[in-house]
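Each reported figure results from applying straightforward, stated rules to the coordinates on display, with no laboratory input. Here the structure is a predicted model, which means the values were calculated and not measured. Ideal geometry is used to build each Cβ from the backbone, glycine not excepted, and the neighbour counts take in all protein chains shown.
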Amino acid sequence: MTKTLLSIGKLRGLQQCSSPRATFTCLALDHRQNLRRALNPANPGSISDLDLTRFKLDVTSALADTSTCVLLDPQFSAAQAIAGGALPADTSFVVAVESTGYAGEPTARQSQILPGWSVEKAKRMGASMIKLLVYYHPDSPPAADIEAFVQQVAEECLRSDLGLMLEPLSYSLVADKKLTSAEKHYVVTETARRLTAPGVDVLKAEFPLDPGSDPLESEWAKACGEISRLSRAPWILLSAAVDYDTYLRQVKVACQAGASGCAVGRAVWQEAVPLTGQARKTFLEQVARPRLESLTRLCSDLGRPWTDFYSSGPISTDWYKTY
């Protein structure tokens, strides 16, 4: 495999966000409105911004040092985690740049950068990478617009020499209907092929099947192997709120099939959401932390190093003159 040459800033960002073996276990805490709903399903509007921040900082404080990096949002956690000391000084972070939710119809979704936020600002605050979430279906009317949007953000990352982690989320083209397992397989794998253009440094991918509909791990491995074959960037598996035991199985299969690790949120910490005070801290320390430690070991042992994809090439003594 011919390696892609990365700029020195992007290379450093990937190094900071990964294990000594160049694999990822990213602790995901960029949730916004869906976390508000989880904290109070009956009345999400009653959850204050401070409530969101408190939960995110509790989890960051308890778990960040067990991950290779932490994914935070710009509104409720990134600056707060740094200023309050919840994010250890030697733990790197990735910061989201997109607005939460989507514009347009549910069957033709559009994404945008959070107003007032930018790749350049993420770079200035010390992020090692940025994360961009887009809703994408390759056959949807706005598919070409989303592809152009991803490339626009990729170009901004190149200008700031900052790594780009792309998170495409699939959806159905039929209103109020979920994708079947076969449809999800098509969308997730085709998305890996179409959206991992140069400038996208890490793909944060969904599991490419419905694990309930396709319980055979041999089928899981085949589908994950297809992502590995089609993606031009190293990919990591997001957790999508499945239970921990299911996710652990998914990550093992994905890494054996060529994934470079995982980006895990609710599968590790979701039971802490309704807890408060000492009960929350106890759960995070005694249950969530061992879960994340297990995932980190698994990804380090089985994941495909991102160094299989990228190198800096030779560095001349006058490289800085054209940097």
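Among DSSP beta bridges lying fully in the chain, give the percent that are antiparallel, nearest 5. Approximately 10 percent, going by the DSSP bridge assignments. Between region 165-201 and region 93-139, the alpha-carbon centres lie 16 Å apart. About its Cα centre, region 162-224 has a charge dipole of approximately 180 debye under the convention of +1 per Lys or Arg Cβ and -1 per Asp or Glu Cβ, with nothing else charged.
Return the subset of K222/K252; K177/K222; K10/K222 for which the Cα-Cα distance in this structure is over 20 Å, preserving the input order. Result: K177/K222; K10/K222 exceed 20 Å. Counting only Cβ charges, +1 for Lys and Arg and -1 for Asp and Glu, the dipole size of the chain around its Cα centre is about 480 debye.
With the contact rule set at Cα under 8 Å and sequence spacing of 6 or more, what percent relative contact order holds for the chain? For the chain, the relative contact order is 21 percent.
Report the one residue of S99, P88, L298 whose Cα lies farthest in the direction of the positive end of the charge dipole of the chain (charges on C-beta: Lys and Arg +1, Asp and Glu -1; origin at the Cα centre). Value: P88. Measuring against 22 Å, Cα to Cα, the residue pairs K121/K321; K56/K131; K184/K204; K3/K204 contain K121/K321 as the ones spanning a longer distance. Select from T23, T2, L63 the residue farthest towards the positive end of the dipole of region 1-80; place +1 on Cβ of Lys and Arg, -1 on Cβ of Asp and Glu, and compute about the Cα centre. Working it through, the farthest residue towards the positive pole turns out to be T2.
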